[in-house]
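The values are calculated or read from the model by the stated rules, or taken from the named source; none is laboratory data. Bear in mind that the values here come from a model prediction, so they are computed numbers and not experimental data. We place every Cβ from the backbone using ideal geometry, glycine too, and count neighbours over all the protein chains shown.
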Amino acid sequence: MAIFGNGLAAIVAGVVASFISIEFGFVAPFMLSMIFLVISALIVSANWNENFGDAKMELSTVFSGGLAAIQKGIQLSLGFNYCFRELLYFDVYL
């Protein structure tokens, strides 16, 4: 359903942008989009509840957990990169 709604919104936005650009010029669709940007920003700022996390947690604990996640991600990324390059080289050698 979300994919259908996304596609429908893109089609409607394209048709509206086409009519607006014919009537007011090529910059007009971008100026119109600024209105929707401001409306969206107001809706988000009115409804967003910030998650401040645990204020009692020590800073060193937060940074060590973040560093561990980065290291795990780097190792995983390097593993995927190695496999991808080896597949490319294998294809070249054939």
> Can you name the condition, by its number, that Ile22 falls short on among (1) surrounded by 10 or more Cβ atoms within 10 Å (Cβ to Cβ); (2) at pLDDT below 90?
Replying inline: (2)
> If you check every pair at least six apart or on different chains, which have Cβ atoms under 6 Å apart with a residue in the range 52-66 that is in a helix (DSSP H, G or I) first and a residue that is modelled with pLDDT under 80 second?
Replying inline: none
